[in-house]
Amino acid sequence: MGDSLKRFMTNHEKSADPISQDHQDQAALAHSIIEALLDHTRVVSDLIALMAQALDQDTTKALTLTPAWQAYLESRRRMEKTREDLENFVEMINEPGERTEQDSQPSTQRD
């Protein structure tokens, strides 16, 4: 994701238009916030996996059968889709006007 932001910044640094600069700043901030949230989610998931390894097999099996675990797995699937949406967002900003309206719609598909 960092490369996408770097391409975005490089593509838009040449613009001297103050409105474009405002949009660039807003888009960079939005990207930064979203990327931080996705990174935090990845770190939390890694911690959960590490903690699960410390549990015995019976406890782990019981945990994975709970509604909370199922909600966690669904949330992880949604976050992966959100990561794809973020990449699409960056592409839209890099090339405005070159994407169709359908391409710019966020993903709502569930796994």
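Full extension from MET92 to SER32: what is 0.36 nm times the residue separation minus their Cα-Cα distance, to one decimal in nm? Each step should come with its number before you reach the end.
Numbers: separation 60, 0.36 × 60 = 21.60 nm, distance 1.57 nm.
That works out to 20.0 nm of additional length.
Which ³J(HN,Hα) values, rounded to whole Hz and listed in residue order, are derived for the stretch 71-84 from phi using the Karplus coefficients 6.51, -1.76 and 1.60 in 6.51 cos²θ - 1.76 cosθ + 1.60 with θ = phi - 60°, glycine and proline given as x?
With coefficients 6.51, -1.76 and 1.60, one gets 5, 4, 5, 5, 4, 4, 4, 5, 5, 5, 5, 5, 4, 5 Hz.
Can you sort ASP25, ASP85 by how many other beta carbons sit within 10 Å, fewest first?
By the 10 Å Cβ count, ascending: ASP25, ASP85.
Residue separation times 0.36 nm, minus the C-alpha to C-alpha distance between GLU80 and ASP22: what's the value?
Values: separation 58, 0.36 × 58 = 20.88 nm, distance 2.91 nm.
Value of the extension gain: 18.0 nm.
Would you order LEU38, LEU65 from fewest to most other beta-carbon atoms within 10 Å of each residue's own beta-carbon?
Fewest-to-most ranking of LEU38, LEU65: LEU65, LEU38.
Give me ILE93, ILE48, ILE33 ranked fewest to most by other Cβ atoms within 10 Å of their Cβ, as a rough exposure proxy.
ILE33, ILE48, ILE93
Rule-based calculations on the coordinates, nothing more; no lab input. None of these values were measured; they are calculated from a predicted model. No Cβ is skipped: glycine too gets one built from the backbone with ideal geometry, and neighbour counts run over all protein chains shown.
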